[in-house]
Amino acid sequence: MAERTVIPFGPQHPVLPEPVHLDLVIEDERVIEAIPQIGFIHRGLEKLVQKLDYQSFVTVTERICGICAFGHSLGYSETIEVLMGVEVPPRAQVLRVIWHELSRVHSHLLWLGLLADGFGFENLFMQCWRLRERVLGIFEQTTGGRVILNACNVGGVNRDIANEDLRGIVLILDGMRDEYQVLLKTFLKDRSVANRLRGIGMLSKEKAREYGVAGPFARASGIAEDIRSFGYGGYGFLHAFEPILSDECDGYARCQVRAEEVVQSMDIVKELVEKIPDGALSAKVKGSPAAGSRAVSRLEQPRGECFYYAKGNGTKYLERFRIRTPSSDNLAGMVYTMQGCDLADVPMNILTIDPCVSCTER
Amino acid sequence: MSASVKSPWVLHYDASSCNGCDIEVLAALTPLYDVERFGIINTGNPKHADLFLITGSVNERQVPIIRQLYEQMLEPKVVIACGICACTGGVFKECYNTLGGVDVAIPVDVYAPGCAVRPETLIDAVVEGLGILEEKRLLLAAKSLKPAELPARPSAADKLVQGETVAAAWQKAIANALQTAGQEEQ
Amino acid sequence: MDPQVFIDIQLDELKGHIASYHERGWRLANLCGSSVDDKVELLYSFAQGPELENLRMLVDNGQKIPAVSPLYPNAFVFENEASELYGVVFEGGLVDYGGRFYSPSVPTPMNPASLPAQEYLASARAAADAEDEQEKQGAEEQGAEEQEEGEKEVPRG
């Protein structure tokens, strides 16, 4: 039997911009066990609800994670709206979904780029990030921010997008779509991509269920779970929604699911722009959450299902706010897929799961 | 700075940022802003890097890691705090697990504010950092001089007197001083 | 939005409930704590498709709770988190980091009434008292002869 060695991975590692540490127990070149160590980004954000009132806290939720910034403000606002029984005007609901789906396009393009960088396809990386800048351009035009949008608040949205601007967004997306097809073809048809990703980090459907993984990680293992398909909020305006699935269960399948979700999100934005109703942007929110009131809500973030829980205590400060992010759900699955993989595949394995450490630790 | 300067290599580390500034650091390197065309390369190895771009506030667990990365970088080196969290702690300053900005762990040369920091701000900060890097390099070269022999740093007011920048003027002064010191020894 | 179902349970019913959800193929969506006066409230959320049910349980500080991570491996993150932020003690968990998961600077920051937090407070107070005592003694011993150049700097981190 070969000797066992422990190789430290991270917290500073070129593959991941975020600090996460793994102790890789290896035998020859094979990983026997991976022990994650986190806590490098833990800030203790959830306790800030006791210092900031429930309306100001939206700004903090956006800073939980800079990649899914809009999503977190949306999830928080929805939870507080349930807690206080606020009815959000339909136009605001649709605008929220438009921004959220654009965030998904930007997040997935970012990830596809990082993946390409991870397997050494520099050109593809740059092309993905070049396309992504167009989405950031839309954000900048509509909200003024590239990363932190500050567009969502409890009760509705902070700003409108005029109908002609919405049609302009569709035109930009249509332009992107043609260029994206070329990238999509490279990701799905190019031999070098398939060779690097096929068979990496296998997670069968049964194991995916057992480990409770979420988002594209689960959908690539054939689990048809997507919160968007339940038609919450603005998603109710959609004619139909079918989650994108794959039953290949490996890193390549995860790449495929995310790559196709970009097109799906563009379609959603296009459909909603045609259907967007006129009307108010925000409902009046008065008073404070009642003492002992509780609310839960879920939202499909780019990385999977995100769970929010809020508890009121009769003042304008919340008693407790909890975010269970998709990446913390996927951590157990990630550790599982790492067992038995080659040391050289570890970076690819981590990347295909797309962990967001900042979300996980808050 | 003179008309041509060396292209710095940068080391990027996320202290405990929300990713917002990290993706902007990367966005500055990739198309649209594309500073890579000037030969500025994001390296994973601290020993190759001249500039240390660090994002996010710092918690107790990060301090030894940041110090280690800083110590592994070779002199001269410049630290740039990217984003308001790295400058002061930002929105997370009040959190129980946040110590504050990057300067609680290592000395910072340039502060680039913003939430998230914009790529334009970052590019400005890097240009500012290049000037500091040059001055640090000069001081390193002048290490053999006695304190009395070290020429004073020219002030910014007369920096364009002969169409030169502060660093260029200082460089000349130091070179002269080194030459005189060398002659005296002989 | 998600159905708001909150079921109050007792500690001895927990195992049965969790086994039943697991048998029916529900997934664990969340596990988190929150402090209620001198107790901790644990919330277990289970989901299947659009359905969502939350179990609410009040436990004393320091009480031992059977872990769910053997059945739901993804819970190991939540359990370590709850034990570090709230001082909840889980028994039989999959991986126990023993307080070095997030390694917060302050023990159980979200629940100042927990035992580790109180121990920490007591020890911090004792240390501060001891320091005061030492300073006093030092001042008496040295008297007015000479003053130290200044307080020694305490290294950080």
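The values are calculated or read from the model by the stated rules, or taken from the named source; none is laboratory data. Model, not experiment: these values are computed from the prediction. With ideal geometry, Cβ positions are generated from the backbone for all residues, glycine too; neighbour counts draw on all protein chains shown. All accessible areas refer to the heavy atoms of the entire protein, side chains included, with ligands and DNA or RNA removed. Shrake-Rupley method; radii C 1.70, N 1.55, O 1.52, S 1.80 Å.
Considering only the range B:37-51, I want to know if a residue exists there that is among the β-branched types (V, I, T), assigned by TED's automatic domain parsing to the domain that holds B:V127, open to solvent by less than 40 Å² (accessible area, probe 1.4 Å) and in a strand (DSSP E or B).
yes
Among the residues of the range A:256-279, those that are of a type in the set (D, E) and surrounded by fewer than 21 Cβ atoms within 10 Å (Cβ to Cβ) comprise A:E260, A:D267, A:E271, A:E274, A:D278. The residue list B:G89, B:G131 contains one member that is of a type outside the set (A, V, I, L, M) and at positive phi, which is B:G89. Is it true that some residue in the range B:37-48 is within 11 Å of chain A (Cβ to nearest Cβ) and small (G, A, S)? For the range B:37-48, residues within 11 Å of chain A (Cβ to nearest Cβ) and small (G, A, S): present. For the range B:1-36, a residue qualifies if it is away from chain A (no Cβ under 11 Å) and over 15 Å from B:A125 (Cα atoms), and the qualifying residues are B:S2, B:A3, B:S4, B:V5, B:K6. Against the test of being at pLDDT 75 or above and farther than 18 Å from A:D329 by Cβ, the options C:N74, C:N111 yield a single qualifying residue, C:N111. Every test in (1) in a strand (DSSP E or B); (2) within 11 Å of chain A (Cβ to nearest Cβ); (3) touching a strand residue (DSSP E or B) at 6+ places or on another chain (Cβ under 6 Å) is passed by C:L55 save one, and that test is (2).
Checked against (1) without any contact (Cβ under 8 Å) to a residue 40 or more places away in the chain; (2) assigned to a loop (DSSP other than H, G, I, E, B); (3) farther than 27 Å from A:G120 by Cα, A:L245 passes all but a single condition, namely (3). Only residues that are closer than 21 Å to B:N59 by Cα, within 14 Å of chain A (Cβ to nearest Cβ), of a type outside the set (S, T, Y) and assigned to a loop (DSSP other than H, G, I, E, B) were counted in the range C:84-131, giving 11. There is at least one residue in the range B:134-144 that is open to solvent by less than 20 Å² (accessible area, probe 1.4 Å) and over 22 Å from B:G44 (Cα atoms). Here are A:L110, A:L149, A:L131: which of them is within 11 Å of another protein chain (Cβ to nearest Cβ) and not in a helix (DSSP H, G or I)? None of the others qualify; the one that does is A:L149.
Being acidic (D, E), free of Cβ contacts under 8 Å to residues at least 60 places away in the same chain, part of a helix (DSSP H, G or I) and within 14 Å of another protein chain (Cβ to nearest Cβ) is a description that applies to A:E206. Among residues of the range A:2-18 that are more than 7 Å from chain B (Cβ to nearest Cβ) and in contact (Cβ under 8 Å) with a residue 40 or more places away in the chain, none has a beta-carbon under 8 Å from a residue that is hydrophobic (A, V, I, L, M, F, W, C) and part of a loop (DSSP other than H, G, I, E, B) at least six positions away or on a different chain.
Being within 29 Å of A:M202 (Cα to Cα) and touching a strand residue (DSSP E or B) at 6+ places or on another chain (Cβ under 8 Å) holds for only one residue in A:E300, A:E248, A:E242, A:E319, and it is A:E300.
Which of the residues that make up the range B:54-104 are among the β-branched types (V, I, T) and within 14 Å of chain C (Cβ to nearest Cβ)? Result: B:V58, B:V63, B:I65, B:I66, B:T98, B:V102, B:V104. Any chance the range A:328-340 includes a residue that's hydrophobic (A, V, I, L, M, F, W, C), under 15 Å from the mean Cα position of the chain (by Cα) and open to solvent by 10 Å² or more (accessible area, probe 1.4 Å)? Yes. Of everything in the range C:16-44, what is outside any strand (DSSP E or B) and either buried (at least 20 other Cβ atoms within 10 Å of the Cβ) or more than 21 Å from the chain's Cα centre (by Cα) (or both)? Give them in sequence order. Result: C:G16, C:H17, C:I18, C:A19, C:S20, C:Y21, C:H22, C:E23, C:R24, C:G25, C:W26. Identify the residue in the range A:209-237 that is within 18 Å of A:E271 (Cα to Cα) and outside any helix (DSSP H, G or I) and, among all such residues, is nearest to the other protein chains (Cβ to nearest Cβ). Of everything passing the filter in the range A:209-237, A:Y232 is nearest to the other protein chains (Cβ to nearest Cβ). Based on this model, can you work out whether B:V79 counts as touching a residue at least 24 places away in the same chain (Cβ under 8 Å), buried (at least 22 other Cβ atoms within 10 Å of the Cβ) and not in a helix (DSSP H, G or I)? Spelling it out, B:V79 is indeed touching a residue at least 24 places away in the same chain (Cβ under 8 Å), buried (at least 22 other Cβ atoms within 10 Å of the Cβ) and not in a helix (DSSP H, G or I).
Among all residues of the range C:1-10, there is at least one that is among the acidic types (D, E) and within 18 Å of A:P326 (Cα to Cα).
Listed here are the residues, each with its yes/no results for (1) at pLDDT 80 or above; (2) over 23 Å from the mean Cα position of the chain (by Cα); (3) open to solvent by 50 Å² or more (accessible area, probe 1.4 Å).
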| position | (1), (2), (3) |
| --- | --- |
| C:S83 | yes, no, no |
| C:D96 | no, no, yes |
| C:E146 | no, yes, yes |
| C:E149 | no, yes, yes |
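Specify the residue that is most open to solvent (accessible area, probe 1.4 Å); the eligible residues are those in the range A:164-203 that are in a loop (DSSP other than H, G, I, E, B) and within 12 Å of A:R254 (Cα to Cα). Ranking the candidates gives A:R198 first. I'm trying to understand the selection: among the residues of the range C:45-81, which are closer than 20 Å to C:D12 by Cβ, open to solvent by less than 10 Å² (accessible area, probe 1.4 Å) and free of Cβ contacts under 8 Å to residues at least 40 places away in the same chain? If the condition is that a residue be closer than 20 Å to C:D12 by Cβ, open to solvent by less than 10 Å² (accessible area, probe 1.4 Å) and free of Cβ contacts under 8 Å to residues at least 40 places away in the same chain, then C:F46, C:S69 are the ones that fit. Against the condition in a loop (DSSP other than H, G, I, E, B), β-branched (V, I, T) and at pLDDT below 85, how does C:V68 come out, does it pass? The answer is no for C:V68.
When A:S288, A:S293, A:S282, A:S297 are checked against the criterion of being open to solvent by less than 10 Å² (accessible area, probe 1.4 Å) and either out of contact with any Phe, Trp or Tyr (no Cβ under 8 Å at 6 or more places or on another chain) or not hydrophobic (A, V, I, L, M, F, W, C) (or both), a single residue qualifies: A:S297.
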